[in-house]
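The values are calculated or read from the model by the stated rules, or taken from the named source; none is laboratory data. Given the structure is predicted, the values throughout are model-derived calculations rather than measurements. Here Cβ is always computed from backbone atoms with ideal geometry, including for glycine, and neighbour counts include all displayed protein chains. Surface accessibility is based on the protein's heavy atoms, side chains included, excluding ligands, DNA and RNA. Shrake-Rupley method; radii C 1.70, N 1.55, O 1.52, S 1.80 Å.
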Amino acid sequence: MPVEFLGIAATNDGSETTARSGASFDKEYTLRLARAHEDHGWDRVLFAYGSGSPDPAPAAAYVAGRLDRLRILLAHRPNVSYPTFAAKTFATLDRISEGRLAVHFITGGNDHEQGREGDTLTKDERYARTREYIRIVKKIWTTHEPFDHEGEHYRFHDFVSDVFPVQQPRPDVSFGGSSPAAYAAGGAEADVYCLWGEPLAETALQIVAVKAAAAAAGRADVPRIQVAFRPIIAPTEELAWEKAHRTLAAIRQRRRAGGPARRGQGGVTEAAAPENTGSQRLIAIAGAGERYDRALWTPTAAATGGAGNSNALVGTPETVARALLDYYDLGVDILSARGYDLLDDAVDFGRYVIPLVREEVAKRDAARAAAHPTAVPQDRLTGVGG
């Protein structure tokens, strides 16, 4: 199966290392960054969600209407809108983008961040709500007759949408998390299951958990697996590691100066341990060691308190490409990457890493097809259960 690359669609040039230079929604920069991804071999970009951040849906529509090929992954929290409204919004975006939309549903792993927009449910209640929400959205996308819904969190009667997605039967749904409740929800409902970059052994175990949850939900298929990293690349190994340590120093300085992690964006604060299992896992892995496998480096995750996608892959383009291929061999076929200089790193990664990975994946798939001409794509999930 061909590998896919997911980048970030930031609405300004700020990051963990640098304060933004303009407005929170800088439409020129937003388009420039998205175009850099489209022009340098990326498949899709993520429009993320934060309680105080620009609304990602109109930002995604702005980009989709101006680019021809780049696909969109729109992050959405169920607490911010009713599913009937959201399903129409997503279908409209799929129309604007001519079938290039997928939706990433965020349950929310931090009570304080959820409470900023009035969400007072417990974590387990949020997961139950997300499962119900996704099921409703899928049904709205695919049902042309009015229907009623009487659920734990949502009730409505005689609803039918008048706008449907271009994609048939519907756009893909992605989901992430590292707790048993997350595996159960995403295993049941997701087309793509999203993980943060962890060592190979831990990632393999998470894939097993996702597959088991899908089987327990009665699915005949399993979600595709996506894993996210922060690449730090340079022409030589020595220069890459010098860049990595400069990046780490900049993250720490930014936190001391009151940067995003200090204010609690991304689900953690400097003073409190993270509530979500994914961040707890990243901190534990960082505490056990700084370097894993071929190129995984954990101090960037430790410096941010395990805030989101924060483990780095450090090395030359060849080293980082080989590290990504190690994850591909586990069954990961969507690789998410985001540098600390959002624009320049997207260009460099697209120029120097993506072609190496695509070339090697094509060779491996061709060799596998020749050796096993009747094998189905899922047979590639070696070493992760079956």
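Work out the length of the dipole vector of region 133-175 about its Cα centre, built from +1 on the beta-carbon of each Lys and Arg and -1 on the beta-carbon of each Asp and Glu, and round it to the nearest 20 debye.
With Lys and Arg at +1 and Asp and Glu at -1, about 200 debye.
With all protein chains present, how much of the accessible area of region 306-378 (probe radius 1.4 Å) comes from carbon and sulfur, to the nearest whole percent? Could you put the intermediate results ahead of the total?
Details: 1590 of 2860 Å².
The nonpolar share, carbon plus sulfur, comes to 56 percent.
In whole Å, largest first, what are the principal axis extents of the Cα atoms in region 70-212?
Result, largest extent first: 46, 35, 28 Å.
For the charge dipole of region 139-212, defined by +1 on Lys and Arg C-beta atoms and -1 on Asp and Glu C-beta atoms about the Cα centroid, which residue among Phe164, Tyr183, Leu200 has the Cα displaced farthest towards the positive pole?
It is Leu200.
Taking the Cα centre of region 1-121 as origin and charging only Cβ (+1 Lys, Arg; -1 Asp, Glu), how large is the dipole, in debye to the nearest 20?
Values: 13 positive and 16 negative charges, 65 e Å.
Rounded to the nearest 20 debye, it is 320 debye.
Quick query: amide H of His104 versus all other amide H atoms, modeled in the peptide plane; which residues come in under 5 Å with a sequence gap of 5 or more or a different chain?
Leu74, Ala75, His76, Ser174
Need one number: % antiparallel among DSSP beta bridges in region 18-176, to the nearest 5. Can you show the working numbers first?
Working: 3 of 15 bridges.
Of those bridges, close to 20 percent are antiparallel.
Roll a 1.4 Å probe over the protein heavy atoms and report the accessible area of Arg294 in Å², nearest 10.
110 Å²
Which residue, chosen from Ile140, Gly115, Ser97, occupies the Cα position most advanced towards the positive end of the dipole of region 88-166, where the dipole is computed from +1 (Lys, Arg) and -1 (Asp, Glu) charges on Cβ about the Cα centre?
Farthest along the dipole direction, towards plus: Ser97.
Please identify, among Ala370, Ala182, Ala212, the residue showing maximal mean-square fluctuation in a Gaussian network model of the chain using a 10 angstrom Cα cutoff.
In the Gaussian network model the winner is Ala370.
Could you tell me what percent of the DSSP beta bridges with both partners in the chain are antiparallel, to the nearest 5? If you can, show how the numbers build up before the last one.
On the way: 7 of 42 bridges.
Bridges in the chain that DSSP calls antiparallel: roughly 15 percent.
With +1 assigned to the C-beta of every Lys and Arg and -1 to the C-beta of every Asp and Glu, and no other charges, what is the dipole magnitude of the chain about the Cα centre in debye, to the nearest 20? It would help to have the intermediate numbers written out before the result.
Working: 45 positive and 50 negative charges, 68 e Å.
Here the size comes out at about 320 debye.
How far, in nm, would the chain grow between Glu125 and Ala212 when pulled straight, counting 0.36 nm per residue and subtracting the alpha carbon separation? Walk me through the intermediate numbers first.
Working: separation 87, 0.36 × 87 = 31.32 nm, distance 2.19 nm.
Net length gain for the segment: 29.1 nm.
Using the Kirkwood radius over Cα pairs, work out the Stokes-Einstein diffusion coefficient for region 1-100 at 4 °C and 1.567 mPa s, in µm²/s as a whole number. Numbers along the way, then the final one.
Working: Rh = 14.1 Å.
Approximately 92 µm²/s, per Stokes-Einstein.
Comparing Ala181, Ala220, Ala91, which has the greatest mean-square fluctuation in the GNM of the chain with Cα pairs linked when under 10 Å apart?
Taking springs between Cα atoms under 10 Å, the residue moving most is Ala220.
Project the alpha carbons of region 195-344 onto their principal axes and report the range along each, largest first, in whole Å.
50, 37, 30 Å, listed from the longest principal axis down.
So which lysines pass the test for Lys123, namely a Cα distance under 28 Å, with those fewer than 8 places away in the same chain ruled out?
Lys88, Lys138, Lys139, Lys211
Radius of gyration and Dmax for region 165-224's Cα atoms, expressed in Å?
Final numbers for Rg and Dmax: 11.9, 39 Å.
Along each principal axis of its Cα atoms, how long is region 10-53 end to end? Whole angstroms, biggest number first, please.
29, 20, 20
Please quote Rg/Rh for region 52-92 to two decimal places, taking the Kirkwood radius as Rh and restricting both calculations to Cα atoms.
Details: Rg = 11.1 Å, Rh = 11.3 Å.
Rounded to two decimals, Rg/Rh equals 0.98.
Of the options Ala19, Pro58, Ile72, report the single residue whose Cα projects farthest towards the positive end of the charge dipole of the chain (beta-carbon charges: Lys, Arg +1; Asp, Glu -1).
So the residue we want is Ala19.
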